[in-house]
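Notes follow the structure.
The values are calculated or read from the model by the stated rules, or taken from the named source; none is laboratory data. Given the structure is predicted, the values throughout are model-derived calculations rather than measurements. Here the Cβ positions follow ideal geometry from the backbone for every residue, glycine too, while neighbour counts run over all protein chains shown.
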Amino acid sequence: MFFSKSYLKTLSLFYHSHLPKPQNAVIIQQLNYKIMQTETQRTLTLLEQIEQDPDITQAFLATQLGVAVGTVNWHIKRMVEKGIVKVERAQRRKLRYIITPEGIALRARLTVDFIDQSFKFYRLIRQRAQKELDTLNENGYKKIRISGNGEVAEILKLTCLEEGIAVVDDPSAPLLEINGMQILLKMGEET
């Protein structure tokens, strides 16, 4: 989903005039961040897929991204306008997508940004986990349960192993509960 600058400006003005001051900046910043993050991820995925198979179809790309074919079409048209991708007719109804040197440079930049964001995410979760594990160590515990799954849970498990804390299924052990990106330590009745 893409919003024009004028739409975002109108939306910003609306929020500034109708909401209490502390909430204004937060709402607009979150909205802009999510839009940019999704568009950047889609662009990177499209460039990677096109690089792997220049004869790829828009229907297949839509399936990979989990969006409508029209959305893929819009993104590709935009990339063509920016000079990132060229489109050639391979057969009567078949198109071939070619990444330009500018597109290769953009893909490299987006990949580096993605890796950078991944490391920042990893460090942030490790820092939060370390804080809770320090509390756990101060109270003399050497084992813990982890509630949740996904990337955050995997980072927690690695951090526990490095700290010499066993990850167990024992209900009497303290619990590290994952809630989004929050990590809550529950020791008995304490949180």
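Of note:
- Residue within region 77-89 that is of a type in the set (Lys, Arg) and modelled with pLDDT under 90 present: yes
- Candidates 86, 82, 94, filtered to the one that is closer than 30 Å to residue 56 by Cβ and touching a Ser or Thr at 6+ places or on another chain (Cβ under 7 Å): 86
Here's the yes/no breakdown for (1) among the small types (Gly, Ala, Ser); (2) loosely packed, with under 13 Cβ neighbours inside 10 Å; (3) touching a residue at least 40 places away in the same chain (Cβ under 8 Å); (4) in contact with a helix residue (DSSP H, G or I) (Cβ under 8 Å, 6 or more places away or on another chain):
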site: 105; (1), (2), (3), (4): yes, yes, no, no
site: 115; (1), (2), (3), (4): no, yes, no, no
site: 122; (1), (2), (3), (4): no, no, no, yes
site: 128; (1), (2), (3), (4): no, no, yes, no
site: 140; (1), (2), (3), (4): yes, yes, no, no
site: 143; (1), (2), (3), (4): no, no, no, no
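- Any hit, region 62-77, residues being surrounded by 13 or more Cβ atoms within 10 Å (Cβ to Cβ), assigned to a helix (DSSP H, G or I), more than 18 Å from the chain's Cα centre (by Cα) and hydroxyl-bearing (Ser, Thr, Tyr): yes
- Of the residues making up region 166-179, none is in a helix (DSSP H, G or I) and either under 30 Å from residue 78 (Cα atoms) or over 24 Å from the mean Cα position of the chain (by Cα) (or both).
- Tallying residues that are surrounded by fewer than 15 Cβ atoms within 10 Å (Cβ to Cβ), out of contact with any helix residue (DSSP H, G or I) (no Cβ under 9 Å at 6 or more places or on another chain) and basic (Lys, Arg) within region 78-101 yields 4.
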